[in-house]
1. Look at residue 113 and say whether it is farther than 18 Å from residue 30 by Cβ and either of a type in the set (D, E, K, R) or touching a strand residue (DSSP E or B) at 6+ places or on another chain (Cβ under 6 Å) (or both).
2. On the basis of being open to solvent by less than 50 Å² (accessible area, probe 1.4 Å), at pLDDT 95 or above, among the small types (Gly, Ala, Ser) and under 28 Å from residue 90 (Cα atoms), does residue 313 make the cut?
3. For residue 196, which of the numbered conditions (1) in contact with a Gly (Cβ under 7 Å, 6 or more places away or on another chain); (2) under 20 Å from residue 158 (Cα atoms) fails to hold?
4. Is it the case that some residue within region 350-368 is part of a helix (DSSP H, G or I) and more than 21 Å from residue 252 (Cα to Cα)?
5. Return the residue satisfying two criteria in turn: it lies in region 130-152 and is open to solvent by less than 30 Å² (accessible area, probe 1.4 Å) and more than 28 Å from residue 109 (Cα to Cα), and of such residues it is farthest from the chain's Cα centre (by Cα).
6. So, of the residues in region 343-380 that are of a type in the set (Val, Ile, Thr), within 19 Å of residue 147 (Cα to Cα) and buried (at least 17 other Cβ atoms within 10 Å of the Cβ), which turns out to be nearest to the chain's Cα centre (by Cα)?
7. Is region 202-220 home to any residue that is assigned to a helix (DSSP H, G or I), at pLDDT below 95, of a type in the set (Gly, Ala, Ser) and open to solvent by less than 40 Å² (accessible area, probe 1.4 Å)?
8. Considering only region 18-70, state which residues are under 17 Å from residue 92 (Cβ atoms) and among the hydroxyl-bearing types (Ser, Thr, Tyr).
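The values are calculated or read from the model by the stated rules, or taken from the named source; none is laboratory data. Predicted model only: the values in this text are computed from it and were never measured. Positions of Cβ are backbone-derived with ideal geometry, glycine not excepted, and every protein chain shown enters the neighbour counts. To get the accessible areas, we keep the full protein, side chains included, count just its heavy atoms, and leave off ligands, DNA and RNA. Shrake-Rupley method; radii C 1.70, N 1.55, O 1.52, S 1.80 Å.
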Amino acid sequence: MGLIGLGAGSVDVWAQDSTIRLGIVAPMSGPNARYGSFSLRGAQLATEEINAAGGIGGRKIAISSGDSQGTPVEGVSATRRLIDLDKVDFIIGDVSSSVTLAMQPVAEDAGVLLLNAASSNPKITYAAGVGGFKWTFRNYPTDENRALIVIQYAAEKRGFTKFSVLSVDSDYGRAAVDFTKKYLTDLKGAILTEDYYKEGEVDFRSVLAKIRDSGAQAIIMYGNADTTPIVGRQMIEVGLAGKVPLIGNAEFNTESTIKAAPKALEGAVEAAAWLPAWDAPRSLAFVEKFKTKYRETPNNHAYVHWETVHLLAKAIEAAGSADRAKVRDALSKIKYDSAMGEVTFDDHNQARLPMILLQIENGKPSIKGAYAAEIKYPAK
């Protein structure tokens, strides 16, 4: 990231304190600790890059981390400790949407900027900016954004208008379908059949036979990765494979899933916030730096936290100060060149972010490009 020279006139502003204090809230322990580890290492790598380049206006970033354990109660406790004890001015967190939702009022009361990098529940955005929480921003696509981009691609690029639903019976699975329905009429599409499966369910033959006979052109599926190979194999059994593709998000693009039922996965469409294979110079350079430092390929959480620290640094530069309110205002007006494309924020403090569209072609995931779409917010 090229740092902007601030000039002699800004020296007194920057000299007020020697460090910029940044808090990272993530699950450092518990079942989602791996995600927290990637998040923290991505943020640390960005911090090292910025500090090595001279910092921001000569000031270095210092990171303090808080363990949310993936639960709202612990996330709130970690947030309060970072604010009260570590005296942070900015917080990035959390991976879990339920934790981020609980953090929002805490950050708001303290007047501390909460910049989310990995939660996808749209409620976070609905309640931010003009929705009420002025101190919450999000640099990550929402579940609604994903559903819209997938269905828009299916309709506009693949020409599909008739769909069946086979999604997991959970808040995530049902919400993704609700978001899809929200935009389907505008895309001149219709859902012909709608079914949901329980976690652990293994027999989909009757539902798939119904879908086969419905005339649907694609199956909308949001669900569990371990279910997709089972569905794929049974699609072959009932004669759907190669005729009606899957669209949505259930790890269609992984090697093990495709190998389980290659004919059924052919043509499947999925959206991703970021992938290590994304062919952009900035992204590829990040992957190499991360692999060199940590001996591991970065996942999505590592990338988004790395990019979000750089985004925050750019906003502090633009503000010419680490004053919280000035940085918040700078962030709302920013045009930031990320590895995924230009980032700007809407009036709900939600980043307008393109997502990568993958389509399985000849047994391998093929990146079809990055696509963005504008969310329709609920009426106030």
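1. On the way: farther than 18 Å from residue 30 by Cβ: yes; either of a type in the set (D, E, K, R) or touching a strand residue (DSSP E or B) at 6+ places or on another chain (Cβ under 6 Å) (or both): yes.
When the stated conditions are applied, residue 113 passes them.
2. Values: open to solvent by less than 50 Å² (accessible area, probe 1.4 Å): yes; at pLDDT 95 or above: yes; among the small types (Gly, Ala, Ser): yes; under 28 Å from residue 90 (Cα atoms): yes.
Against the criterion (open to solvent by less than 50 Å² (accessible area, probe 1.4 Å), at pLDDT 95 or above, among the small types (Gly, Ala, Ser) and under 28 Å from residue 90 (Cα atoms)), residue 313 qualifies.
3. Just one mismatch for residue 196, condition (2).
4. no
5. Per the stated criteria, the residue is 151.
6. Narrowing region 343-380 to residues of a type in the set (Val, Ile, Thr): 343-344, 356, 360, 367, 375.
Keeping just the survivors that are within 19 Å of residue 147 (Cα to Cα) gives 356, 360, 367, 375.
With the extra rule that they be buried (at least 17 other Cβ atoms within 10 Å of the Cβ), the set shrinks to 356, 360, 375.
Values: 356: 11, 360: 21, 375: 15 Å.
Per the criteria, the residue is 356.
7. So the first thing to find is which residues in region 202-220 are assigned to a helix (DSSP H, G or I), and the list is 205-214.
Going one step further and asking which of them are at pLDDT below 95, we end up with none.
Among the residues of region 202-220, not one is assigned to a helix (DSSP H, G or I), at pLDDT below 95, of a type in the set (Gly, Ala, Ser) and open to solvent by less than 40 Å² (accessible area, probe 1.4 Å), which makes the answer no.
8. Of everything in region 18-70, those that are under 17 Å from residue 92 (Cβ atoms) and among the hydroxyl-bearing types (Ser, Thr, Tyr) turn out to be 19, 35, 37, 39, 47, 64, 65, 68.
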